[in-house]
1. Any idea how far apart B:Ser244 and B:Phe270 come out in nm if each label point goes 7 Å out from Cα toward Cβ?
2. For a protection proxy built on the mean count of beta-carbon atoms within 10 angstrom, sort B:111-118, A:70-77 highest first, please.
3. Partner chain Cβ atoms within 10 Å, averaged over the residues of B:124-136 - can you pull that number for me?
4. Work out the mean other chain Cβ neighbour count within 10 Å for the residues of A:3-10 and drop it here as an integer.
5. Residue by residue through the stretch B:277-285, what is 3J(HN,Hα) from phi via Karplus (6.51 cos²θ - 1.76 cosθ + 1.60, θ = phi - 60°)? Round to whole Hz and write x for glycine and proline.
6. Inside 10 Å of the C-beta atoms of B:212-224, what's the mean count of C-beta atoms belonging to other chains?
7. Give me the dipole magnitude in Debye, nearest 20, for the protein assembly as shown about the Cα centre, with unit charges on the beta carbon: positive for Lys and Arg, negative for Asp and Glu.
8. Please give the peptides B:176-183, B:84-91 ranked by average Cβ packing (other Cβ atoms within 10 Å per residue), highest first, as a rough proxy for protection.
Amino acid sequence: MSVTVKIPTPLRPLTRGRDSVQVAGATARQVLESLEKECAGIRARVCDERGEMRRFVNLFLNDEDIRHLQGLDTLVKDGDILSIVPAIAGGAEAGSANSLRGKQG
Amino acid sequence: MPRVESADRYRPFLEKCPALSLIGGTRLFRVELPGIPETRSEILAKAEWTNPGGSIKDRPVSRMILEAILSGKLVPGRTILDSSSGNAGIAYAMMGAMMGYAVKLVVPGNASAERKKRILAHGAELVQTDPLEGYDAALREAHRLSDSEPQRYFMPDQYANEHNWRSHYEGTAAEILEQTGGKLTHFVAGIGTGGTLTGVGRRLKEHDPAIRIVCVVPESFPGIEGLKPLERPEDIVPKILDSSVIDERIRVSVEQASDGCHALARNGIFVGQSSGAYLSVAEVIARRDRGARIVTVFSDLGERYFSTRLWEP
């Protein structure tokens, strides 16, 4: 199964700037394992030390929160989109707030 | 209201809209938690959730709006436009409703449902941007809208507006000095726009340069509502932030912030995520610098996070 994982801006340093990564896997858990092989360090940002999803991270399979499905054991199929979304809108990456600075004069 | 120095300037507004007087002038209270008394340190917090918009953001937003009216930048018929991850958005929506201006807010789609509902309740318009693109996308969209129709909008731009930090310099910090008798050793807060740390930090340093200004640094992902990490060398700081007032930076994870919220809740104080983060840093200092008198701000109320997983056991 080839799944597209969508990456939020704060994690893009781990994906060498890519906003999405294609990986293989039959469940959301396997997709994250494949993603970790491709982008080392990313799983620890999404999952805790027991391998479960961190409280303030949401994973959406297409448009559905996987917590409302079977969590990390949710089956995925070819062409699915798995989005990693922080549960709470936090602060911006500072650089971007300031890329707009020039406009302010 | 930004009482102290600006009181006279704002008197006509207060007469027209007495509810403005509910902003600022928050109480300072001693946070009683197990383990703190043994350190001989005190942790004091300002109850910023008691502002009428439910957060500390009422202070800068009210001042930015009132000053814009006084200077003629905000005139009847213009729409107030800005981006926000929530609390400032609520303050804008509330101020617009009080003062009779339309408000348009650009928020990331993952801003909490409570915030979005409150913004809409005040009659403001919401524009939502892709949560994957973070707060960046909301900021960019607000600037795009403003640039496309400059005559239609007034954009306060809280990152670059000096009235943001001045509201804390004249209000929050002046209150802290009055309420502590000027006797404190540390001030703890984080950076959203840099307004609180800059305004409070400057005022406290003028009073006593020995007061240590401690900056709470959240992890970048999943992040803490309203706070920025500003950790990487390539990060450029918000325009109004005066980082020279910062003596020390202490990192905190979302889990630590959450633990702080739960500890406070079990002791009867129900506050939001950034308050939990500030508490956990204040506790670190209390234990390390025994006998410290630490002041922080509890920015908003725990109710604002029911739709997130903050309160799940």
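Values quoted throughout were computed directly from the atomic coordinates according to the rules given, and no laboratory measurement underlies them. Treat the numbers as computed from the prediction; the structure is a model and nothing was measured. Every residue, glycine among them, receives a Cβ derived from its backbone with ideal geometry; neighbour counts consider all protein chains shown.
1. Between B:Ser244 and B:Phe270, the simple spin-label model gives 4.4 nm.
2. Details: B:111-118: 19.8, A:70-77: 15.2.
Highest mean packing first, the order is B:111-118, A:70-77.
3. Details: counts 0, 0, 0, 0, 0, 1, 5, 10, 13, 4, 12, 9, 9.
Taking the mean over all residues of the peptide, I get 5.
4. Working: counts 0, 0, 0, 3, 1, 10, 10, 9.
That works out to 4 on average.
5. With coefficients 6.51, -1.76 and 1.60, one gets 5, 5, 4, 5, 6, 4, 5, 4, 5 Hz.
6. Details: counts 0, 0, 0, 0, 0, 0, 2, 3, 11, 16, 16, 11, 5.
Mean inter-chain Cβ contacts per residue within 10 Å come to 5.
7. Using Cβ point charges on Lys, Arg, Asp and Glu, the protein assembly as shown gives about 720 debye.
8. On the way: B:176-183: 14.4, B:84-91: 28.1.
Answer by packing, highest mean first, reads B:84-91, B:176-183.
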